[in-house]
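Working notes for the structure below.
What follows draws every value from the coordinates through simple rules; no lab data is involved. Nothing here was measured: the structure is a model prediction, and the numbers come from that model. Positions of Cβ are generated from backbone atoms using ideal geometry, with glycine treated the same way; all protein chains shown enter the neighbour counts.
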Amino acid sequence: MGTSGTPEQAIQKGPDASTGPLSGIRVIDLTTVVMGPSATQILGDLGADVIKVESAGGDSMRWVGPNRTEGMGPLYLNANRNKRSVVLDLKDAQDRDALLSLLPSADVFVSNMRPQAMARLGLGYDAIRAVKPDIVYCLAVGYGSDGPNAGQAVYDDLTQAASGIAGLFQAIDGAPRYAPVNICDRVVGLYLAISIISALHHRAITGEGQQIEVPMLETMAQFVLADHMGGGAFVPPLGNMGYKRLMSRVRGPYPTRDGHLALVVYADKQWRAFSALVGEPDLMDTDPRFRTQEARTQHSEEMGHYLKARLPQKTTAEWIAALRAADIPAHAVNRLEDLFDDPHLKAVRMFSEMEHPTEGVLKVARFPVKFSRTPASIRRLAPNLGEHTDEVLPERAKKRAVISASKSKASAKTGIGS
């Protein structure tokens, strides 16, 4: 494979194929479930050597099926490529020492265990930086350490409820609901990756490591309020909170003659073009609700009803052709299965099939960002549990072999086990 940023060259097999901007960075990864692993996979895709440290039971996401092999479910497979799996019992002194032996060659130490658990294991920041002073030490937590909820366990569902996401559904539909995607885990995972890369940049300039805390609730509260602060952004408030257009009950997607369509008729130019398409070219001049962007925002419900009433005039394909010709953004509503056949995603080679050593052929989505000089790559598919323990910790493997050989000799002399 070459090293340009073209999509077909963004997937490279082999542990030494790294060309990404984080090539040469080593990450000790104690994260599990979704948020932490999705962040460290980003680091791995960008070229970092990620060593995933698991207990004997493995990351719980391994067991969420379907699967061909136990412990290799799709959620795990899709958040743990470009990693090496090491099994250690961190409550065992020898295994803890084995973990610490990796620190001199490491740049990042990241975990989503609760801080109290890390302290009990002797893996708090002070203990880690005593071995590696310039380490970037990152804890992903549910709640910031300065608040009353610090140290409590949290999952995506709880954070959707706490950050206002479930409440937004209640404001629109009358009942709180969860978004059908791990949106908090994924968004906070992005913040986690960004924070680690930022700290690595600081270290490259100053030589200083540091401790980072990435809290789920605070991160998602900021994320949600960026759209929905509304009148609450002012002191005293200038009105209700919430962005009306996003909270409209008839925001869409809208039924067409043969399916559904997503479109955004937003700017004045777009509304003039759309009203002309449906035979009402003077709409903005005759109806004050449509005249300005501010007026349309205040009448979001009416805007939605207007679109909903007119889209059944044409098929989805006819609308897409007409709307794109008028420079109005539109897209058909894809089901999950449709993504693999989406014409744009196919053209940019978003998906490929790769052979996993134990799981057979897998469909893989490449890293979406293009770099002209340092392209991301897929060098390893997700590892089996403990697959790389001996590779990463050869001295530990040698000691175990010596102990095993000694036990075998003793058994032979005494006749035990014969």
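Among Thr297, Gly242, Val50, which residue has its Cα positioned farthest towards the positive end of the charge dipole of the chain, with +1 placed on the Cβ of Lys and Arg, -1 on the Cβ of Asp and Glu, and the dipole taken about the Cα centre?
So the residue we want is Val50.
Relative to the longest principal Cα axis of the chain, at what angle does helix 35-45 sit, 0 to 90 degrees, rounded to 10?
Helix 35-45 sits roughly 80 degrees off the main axis of the chain.
Given a cut-off of 34 Å, what percent of all Cα-Cα pairs of the chain lie beyond it?
Details: 40168 of 87153 pairs.
Value for the chain (Cα pairs over 34 Å): 46 percent.
Using a Gaussian network for the chain with springs between C-alpha atoms less than 10 Å apart, which of these wobbles most: Gly24, Gly147, Gly44?
Highest fluctuation among the options: Gly147.
Given the chain, what percent of its DSSP beta bridges are antiparallel, to the nearest 5? Numbers along the way, then the final one.
Values: 11 of 34 bridges.
Just about 30 percent of them are antiparallel.
Which order do the peptides 251-259, 28-36 take when ranked by the mean count of other beta-carbon atoms within 10 Å per residue, highest first?
Ranked from most to least packed, the peptides come out as 28-36, 251-259.
Most mobile of Asp157, Asp227, Asp146 per a Gaussian network model of the chain (Cα springs, under 10 Å)?
Maximum among the listed residues: Asp146.
Which net charge results when you count Lys and Arg as +1 and Asp and Glu as -1 among the other residues whose beta-carbon is under 11 Å from that of Val188?
Taking every Cβ under 11 Å from that of Val188, the sum is -2.
Once you order the gyration tensor axes a ≥ b ≥ c over the Cα atoms, which shape class does the stretch 254-332 get: rounded for a/c under 1.5, otherwise prolate or oblate by comparing a/b with b/c?
In terms of gyration-tensor shape, prolate.
Using Cα atoms only, what is the angle between the long axis of helix 300-310 and the major principal axis of the chain, expressed in degrees (0 to 90) to the nearest 10?
For helix 300-310, the angle is close to 80 degrees.
Nearest 20 debye, what's the magnitude of the dipole of the stretch 254-332 about its Cα centre given +1 on Lys and Arg Cβ and -1 on Asp and Glu Cβ?
Details: 10 positive and 11 negative charges, 38 e Å.
It works out to roughly 180 debye.
Counting other Cβ atoms within 10 Å, keep those with at most 11, restrict to DSSP loop, and tell me which trypsin sites (Lys or Arg not before Pro) in the stretch 272-371 are left.
Loop-located and lightly packed - Arg335.
If you keep only loop residues by DSSP, which chymotrypsin sites (Phe, Trp or Tyr not before Pro) in the stretch 208-288 have at most 13 other Cβ atoms within 10 Å of their Cβ?
Phe234
Can you tell me the orientation of helix 316-325 relative to the chain, as the angle in degrees between its alpha-carbon axis and the longest Cα principal axis, to the nearest 10?
80 degrees
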